[in-house]
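Since the structure comes first, as structure tokens, the remarks are kept for the end.
What follows draws every value from the coordinates through simple rules; no lab data is involved. As the structure is a computational prediction, the values presented were derived from the model and not from experiment. Note: ideal-geometry Cβ built from the backbone for every residue, glycine included; neighbour counts use all protein chains shown.
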Amino acid sequence: MSAKQEILDRVQHGVGKGYFAQRRAAALAVLEAKARGPQPAIPGALVDRFREKAESLASTLAGVVTWEAVPGAVADYLAANRLGSQAVVTPEIARLDWAGCGMTVDARGAVDADQVGVTGCFCAVAETGTLVLLSGADTPATVSLLPETHIALVDTARIVATMEDAFALLRAERGEVPRAINFISGPSRTGDIEQTIVLGAHGPCRVHLVLVGEGALPPA
């Protein structure tokens, strides 16, 4: 027997195949049980909590009642901030009438030269004001990551209370986890230099949310 094999045999004996199998079975049992830990109670409407938390994270918000009104809301934001009328959009929302409000859009993944990216989102988390975006052919992740301005369309019917609820919705609707899940909580930021918060350090410096549906408009 070689010295190498002798060492491997000792390691294998020390770890113990049986013990490893037991630990693996226990870990899988915990995952299958999907047990939840303590979660906060969120009083009131989820959309109101989401709006409050998103604004506290330096996101800006607008609201429309119907999806047909979305392109106009996006165009108004771009005009108010002098951001032009061009954008790259994820293919899943290319069907909206962007040209009808004077916008020129490309449905594709983003590149460095793109200044504005518009996406939908899989769901949003009221507890933290977080967007949940899934990667895929119709939802390229670059659209939310490369442009300086990220505009996200949020269906108010898909605002869930907690992160646990978001994962439960993902398991129920998709079954398998996609290649990437991006959690976006406001503009990119860092405090590395003299503990001064700087927006846009590693991604978009602006995040604008267009809420769509019931409760999208803020209380009067």
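Farthest toward the dipole's positive end in the chain, which of Gln12, Gly215, Gly136, given Cβ charges of +1 (Lys, Arg) and -1 (Asp, Glu) about the Cα centre?
After comparing all options, I get Gln12.
In terms of the Cα gyration tensor, with a ≥ b ≥ c the square roots of its eigenvalues, is segment 46-212 rounded because a/c is under 1.5, prolate because a/b exceeds b/c, or oblate?
Rounded is the answer for segment 46-212, as its axis ratio a/c remains below 1.5.
Along the positive direction of the dipole of the chain (beta-carbon charges: Lys, Arg +1; Asp, Glu -1; about the Cα centre), which of Val64, Gln22, Val177 reaches farthest?
Positive-end residue among those listed: Gln22.
For segment 1-135, what D do you get in µm² per second when you plug the Kirkwood radius from alpha-carbon pairs into Stokes-Einstein at 37 °C and 0.692 mPa s?
Translational D for this selection: 164 µm²/s.
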